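What follows is a short report on a single structure.
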Amino acid sequence: MFFRRKDYQLPEEYRELYLSEQNAFNFRHMKIVTLTIILIIAVLLLEYLFFPRSDTVEYNHVYKVIFSLILGDGILFLFIPKVLRFEISDLGKKVLLLLYLYTLSFLFMGLTYFDLYFGMELSGFLIVLLSLSTMIWLNPKEFAYLSTFVLFLLILSYLILSSLITIELEHIIQALVFYGLSWVLYLSISTVRIENFLNRITMEKQYEMLETESVTDPLTGLYNRRYLKEEIQKELSRSERSGIRFCILMIDIDHFKKINDNYGHITGDDVLKELSTILRNSVRISDKVFRYGGEEFIVLLPETVAIDAKILGERIREKIENFSFSGVRKKVTISAGIAQTSVDCTQELLIQKADKRLYMAKEGGRNAVVWSNGSSSQDDL
């Protein structure tokens with residue numbers, strides 16, 4: 001069966017998204033189809049009201065009733081969601097759509113019954129099958145049930161009419177051809193829809209991956225230096241509008257060269273990755289951690305003043321000092337410098353201030369966090 005073939009089975013991770021998109025498409029597209037049906041049926045109803053057909057005169061009133069029911073069915077489908085004061089769930093939309101399709105199929109097959117009685121073609125049967133196979137995005141089981149329901153109604157019509165009129169073999173063959181054709185169309189279109197969905201998802205994931213790779217450091221998984229410039233500029237613009245300051249925390253691993261020399265570069269890389277994890281787990285969701293270069297890192301702290309950045313810096317410093325890094329027997333420590341935005345602050349000036357205080361931490365014996373130049377300048381507070 002088509003829906004059991006491995007080629008067309010959706011990965012479980014995409015199934016919910018696929019069904020959601022399918023449901024949204026059907027509900028949106030079916031409104032257009034319904035409006036078209038309402039327009040066509042309204043014209044036919046007016047024709048039967050004002051220009052009754054002579055060849056069906058004894059049952060013209062039946063045609064009028066069926067046309068009216070189709071109109072009413074379509075109007076109900078269009079206006080029920082608007083009348084309800086709450087949002088219809090995906091399941092509710094699915095049930096409403098299937099209910100509408102079954103009632104619409106039943107009414108069109110009623111037209112087909114009388115068309116057969118008067119020796120006309122299987123136009124209603126054909127319209128229903130083509131609509132189900134091409135205009136609606138049904139899953140295989142839904143299409144199988146609906147198309148079989150329509151075929152069953154046609155067979156039932158033939159059985160009832162067999163005692164009243166002569167059933168032409170040509171009509172039976174025609175009906176079976178139409179039914180087979182509807183399955184060919186359905187399978188072809190469904191295959192294309194699934195392939196398009198999977199191709200789109202693949203492209204979106206590839207784009208996301210490329211976008212992520214362009215802003216992240218491949219070793220640590222932290223944001224990279226290029227992205228840092230973009231984010232600092234955004235925060236500067238936001239700070240100018242709101243008047244709320246922010247800080248950056250520049251961090252450098254003490255004696256990192258000795259770690260590489262004594263334990264090897266692989267161990268050094270492990271230290272960078274483990275330290276990155278500590279940094280990532282130590283900040284708020286709104287904060288961002290960047291690898292600035294080599295063993296240097298910058299933490300961007302929106303809406304944060306220097307004293308709070310100092311508290312965070314000390315907490316990070318203590319965590320790292322007390323952490324047992326893989327393959328390193330000695331303690332690993334960091335030095336850090338804090339810079340807070342000031343009036344007319346630029347990106348370059350902010351980084352220079354943080355770098356200067358990082359240098360002061362190094363000069364002061366390392367394993368320290370410096371947040372002031374030692375002056376009483378408001379910029380440093």
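Select from region 177-204 the residues that are among the aliphatic types (A, V, I, L, M) and in contact with a Leu (Cβ under 9 Å, 6 or more places away or on another chain) and list them in ascending order.
LEU181, LEU185, ILE194, LEU198, ILE201, listed by residue number.
Please determine whether any residue of region 120-134 is over 25 Å from GLU168 (Cβ atoms), surrounded by fewer than 17 Cβ atoms within 10 Å (Cβ to Cβ) and at pLDDT 85 or above.
Yes, the conditions are met somewhere in region 120-134.
Examine region 241-253 for a residue that is assigned to a helix (DSSP H, G or I), surrounded by 16 or more Cβ atoms within 10 Å (Cβ to Cβ) and at pLDDT 90 or above, and state whether such a residue exists.
No: region 241-253 contains no residue that is assigned to a helix (DSSP H, G or I), surrounded by 16 or more Cβ atoms within 10 Å (Cβ to Cβ) and at pLDDT 90 or above.
Residues that are surrounded by fewer than 14 Cβ atoms within 10 Å (Cβ to Cβ), of a type in the set (Gly, Ala, Ser) and in a helix (DSSP H, G or I): does region 21-36 have at least one?
Yes, that holds for at least one residue.
Can we say LEU107 is under 20 Å from LEU153 (Cα atoms) and out of contact with any helix residue (DSSP H, G or I) (no Cβ under 6 Å at 6 or more places or on another chain)?
The answer is no for LEU107.
Does ILE165 satisfy the condition of being free of Cβ contacts under 8 Å to residues at least 40 places away in the same chain and among the hydrophobic types (A, V, I, L, M, F, W, C)?
No: the conditions fail for ILE165.
Each row is one residue, and each column tells you yes or no for (1) modelled with pLDDT under 95; (2) under 19 Å from ARG366 (Cβ atoms); (3) in contact with a Ser or Thr (Cβ under 8 Å, 6 or more places away or on another chain); (4) not assigned by TED's automatic domain parsing to the domain that holds MET360.
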| residue | (1), (2), (3), (4) |
| --- | --- |
| PHE256 | no, yes, no, no |
| GLY294 | yes, yes, no, no |
| ILE298 | no, yes, no, no |
| ARG315 | no, yes, yes, no |
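Please name all residue pairs, on different chains or six or more residues apart, with Cβ atoms under 8 Å, provided the first residue is in region 210-230 and is part of a strand (DSSP E or B) and the second residue is of a type in the set (D, E, K, R).
Final answer for the pair search is TYR223/ASP217; TYR223/GLU231; TYR223/LYS288; TYR223/ARG291.
Taking the condition without any contact (Cβ under 8 Å) to a residue 24 or more places away in the chain, surrounded by 13 or more Cβ atoms within 10 Å (Cβ to Cβ) and assigned to a helix (DSSP H, G or I), does ALA175 pass?
no
Yes or no, residue by residue, for (1) part of a strand (DSSP E or B); (2) not polar (S, T, N, Q):
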{"residue": "VAL289", "(1), (2)": "yes, yes"}
{"residue": "GLU318", "(1), (2)": "no, yes"}
{"residue": "PHE323", "(1), (2)": "no, yes"}
{"residue": "VAL328", "(1), (2)": "no, yes"}
{"residue": "ALA336", "(1), (2)": "yes, yes"}
{"residue": "LEU349", "(1), (2)": "no, yes"}
{"residue": "LYS353", "(1), (2)": "no, yes"}
{"residue": "TYR359", "(1), (2)": "no, yes"}
{"residue": "SER372", "(1), (2)": "no, no"}
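Looking at region 297-316 only, could you name the residues that are crowded, with 17+ Cβ neighbours inside 10 Å and either in a helix (DSSP H, G or I) or not aliphatic (A, V, I, L, M) (or both)?
Matches in region 297-316: PHE297, PRO302, THR304, ALA306, ALA309, LYS310, LEU312, GLY313, ILE316.
Output the residue which, of all residues in region 323-348 that are modelled with pLDDT under 95 and aliphatic (A, V, I, L, M), is surrounded by the most Cβ atoms within 10 Å (Cβ to Cβ).
VAL328
List the number of the failed condition for SER105; all other conditions in (1) within 22 Å of GLU16 (Cβ to Cβ); (2) crowded, with 21+ Cβ neighbours inside 10 Å hold.
The number of the failed condition is (1).
Would you be able to say whether some residue in region 216-228 is surrounded by 11 or more Cβ atoms within 10 Å (Cβ to Cβ), within 34 Å of the chain's Cα centre (by Cα), β-branched (Val, Ile, Thr) and under 30 Å from PHE297 (Cα atoms)?
Yes: one or more hits.
The values are calculated or read from the model by the stated rules, or taken from the named source; none is laboratory data. What you see is a predicted model, and the numbers here were worked out from it, not measured in a lab. Neighbour counts run over all protein chains shown; Cβ positions are idealised from the backbone, glycine included.
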